[in-house]
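Read the structure below first, then the notes.
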Amino acid sequence: LAHAALNAPQTRTRRQALKLLLLLGAGSAMTYGLREQLPLTPLLADYSSPIGQRRTVNLHDGSQIRLNTGSSVDVRFDAQQRLIRLLDGEVQMTVAPEARPLHVHTAHGVLQPDKARFNLRQFRDRTHIAVFEGRVQLAPQAYPGSPLQLEARQQVSFTPQAWSTPHALDAGSGAWADGILVAAHMRLEDFIAELSRYRRGQLHCDPKVANLLISGTYPIDDTERVLDLLHVSLPVRVKRFTRYWVTVESNV
């Protein structure tokens, strides 16, 4: 298990030095632009997980962050508040109760959880949150009205301007934390896109089989096995040009 910054001073010092160099050498505007670029995000983040791996971080306040594949976060605690910023990817958080408020920032808004456990995934155009326990207050970045109160077993997507209609959790919400990808009548193209998150290289789905439906539970730690078993339930085959360039296509 990874631990909070106080337990890894040398690593934090190196990251802070790198951030300082960027600030001094490029100016705040350019640094922000660099920070938004995917290749630099894990390098500059306080905590990150490589593609195909998951990571657990225990913070010194008792909270826990579980990072999914290719994810990164920054953590800033001071005497007045606790701040966590999701820079990229997906996390599952368990928030310890404390007098200091906790705010979680994404590219699309700010969350304030209350004794909550929840899953948070950031896409390019939106963020999705699924609340397992407790409650979470949601305020989109540019929304002028009152925040949305999310209760346990609710999920919602939001942009900087608005949110979708809250609805009940899916059966597979947050299953990645247990190493599982759950598909329930999922389009094959969408399934392949999800599976590709857990491996390096290019994984494609031929448009001819994109709308085939797939259901089941699949281990995300062994994507090769998942691909090899697709033909058992679907009329497809896996064509490997190299280990890092794979296409799922029709076997007809």
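The values are calculated or read from the model by the stated rules, or taken from the named source; none is laboratory data. Just so we're clear, the structure is a prediction, and the values are computed from it rather than from any experiment. So basically every Cβ, Gly included, is an ideal-geometry build from the backbone, and we count neighbours across all protein chains shown.
THR165: at negative phi and within 17 Å of the chain's Cα centre (by Cα), yes or no? Taking the combined requirement at face value, the residue does not satisfy it.
Within the stretch 228-252, the set of residues being of a type outside the set (S, T, N, Q), within 20 Å of HIS185 (Cβ to Cβ) and surrounded by 12 or more Cβ atoms within 10 Å (Cβ to Cβ) comprises LEU229, LEU230, HIS231, LEU234, VAL236, VAL248.
How many residues does the stretch 86-108 contain that are of a type outside the set (A, V, I, L, M) and more than 15 Å from the chain's Cα centre (by Cα)? Summing the residues that are of a type outside the set (A, V, I, L, M) and more than 15 Å from the chain's Cα centre (by Cα) in the stretch 86-108 gives 5. Of the residues making up the stretch 174-226, those that are of a type in the set (D, E, K, R), touching a strand residue (DSSP E or B) at 6+ places or on another chain (Cβ under 8 Å) and either surrounded by 14 or more Cβ atoms within 10 Å (Cβ to Cβ) or over 22 Å from ASN251 (Cβ atoms) (or both) are ARG187, GLU189, GLU194, ASP206. Just wondering, is there one or more residues in the stretch 43-63 that are at pLDDT 50 or above, loosely packed, with under 14 Cβ neighbours inside 10 Å and among the small types (Gly, Ala, Ser)? For the stretch 43-63, residues at pLDDT 50 or above, loosely packed, with under 14 Cβ neighbours inside 10 Å and among the small types (Gly, Ala, Ser): present.
Conditions tested, residue by residue: (1) closer than 30 Å to LEU203 by Cα; (2) under 18 Å from the mean Cα position of the chain (by Cα).
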site: ALA116; (1), (2): no, yes
site: LEU120; (1), (2): yes, yes
site: LEU148; (1), (2): no, no
site: TRP176; (1), (2): yes, yes
site: GLY179; (1), (2): yes, yes
site: VAL182; (1), (2): yes, yes
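Taking GLY89 as the residue in question, decide whether it is touching a residue at least 40 places away in the same chain (Cβ under 8 Å), surrounded by 16 or more Cβ atoms within 10 Å (Cβ to Cβ) and on the phi > 0 side of the Ramachandran plot. The answer is yes for GLY89.
Counting the residues of the stretch 109-147 that are part of a loop (DSSP other than H, G, I, E, B) and either surrounded by 17 or more Cβ atoms within 10 Å (Cβ to Cβ) or of a type in the set (A, V, I, L, M, F, W, C) (or both) gives 4. So, SER196, is that one in contact with a His (Cβ under 6 Å, 6 or more places away or on another chain), at pLDDT 95 or above and either closer than 25 Å to ARG124 by Cα or not assigned by TED's automatic domain parsing to the domain that holds PHE118 (or both) or not? In short, no. Listed residues VAL136, VAL110, VAL57, VAL73; which is closer than 18 Å to GLY179 by Cα, in contact (Cβ under 8 Å) with a residue 24 or more places away in the chain and either of a type in the set (A, V, I, L, M, F, W, C) or not assigned by TED's automatic domain parsing to the domain that holds SER196 (or both)? Being closer than 18 Å to GLY179 by Cα, in contact (Cβ under 8 Å) with a residue 24 or more places away in the chain and either of a type in the set (A, V, I, L, M, F, W, C) or not assigned by TED's automatic domain parsing to the domain that holds SER196 (or both) holds for just one of VAL136, VAL110, VAL57, VAL73, which is VAL57.
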